[in-house]
Amino acid sequence: MKIDKFKNLRYRLMETETWPLKYMFKFITPNNGGKVDEITALLPNNGEITYKHTANLKHVAITCIVEMENADQIIRITEKVNEIEGVIIL
C-alpha cells in the first residue's frame, strides 16, 4: 500500500474551488550534483522561477510561481521533486 505523503497538501488543494490558480512551489536543495537543474527541469516552463542562495552557497531556495490547472498537476510535480535526494519541500 502506497502511503500518501502529500495527503494534507492534496486535501487543501481539493478545498480550492477556483481553478486554474497561481501556485507557489518552494524547495530548498543542496547546491551540488546538478540538483538545481533537476528541479528546474520538473517545473512548468511558463513559471516565474527565482533562486536564492545561502550565504555560504551550500543550498539554494527555488521558488516557482505558476498558474496550475488542477491539484493533480501540483501533486505530480511535488512527488517527482520529492524523489531527488536532499530536497526540502516547503
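What the table below lists for this structure:
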read-out: Ranked by how many other beta carbons lie within 10 Å on average, peptides 33-40, 79-86, 53-60 from highest; value: 33-40, 79-86, 53-60
read-out: For the chain, size of Cβ-based charge dipole, Lys and Arg +1, Asp and Glu -1, in debye; value: 320
read-out: Rg(Cα)/(2.2 N^0.38 Å) for the chain, N = residue count; value: 1.11
read-out: Helix 71-82 vs. the chain, principal-axis angle (Cα, 0 to 90°, nearest 10); value: 30
read-out: Spatially proximal lysines relative to residue 5 (Cα-Cα < 24 Å; intrachain offsets below 8 disregarded); value: 22, 26, 35, 80
read-out: Nearby aspartates and glutamates by direct alpha-carbon distance to residue 7 (threshold 13 angstrom, same-chain neighbours under 8 apart not counted); value: 15, 72, 79
read-out: Relative contact order for segment 19-89, counting Cα pairs under 8 Å that sit 6 or more residues apart, in percent; value: 44
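Here, each number is a calculation from the coordinates, and none is a lab measurement. Bear in mind that the values here come from a model prediction, so they are computed numbers and not experimental data. Methodologically, a virtual Cβ is constructed for each residue, glycine included, from the backbone with ideal geometry; neighbour enumeration extends over all protein chains shown.
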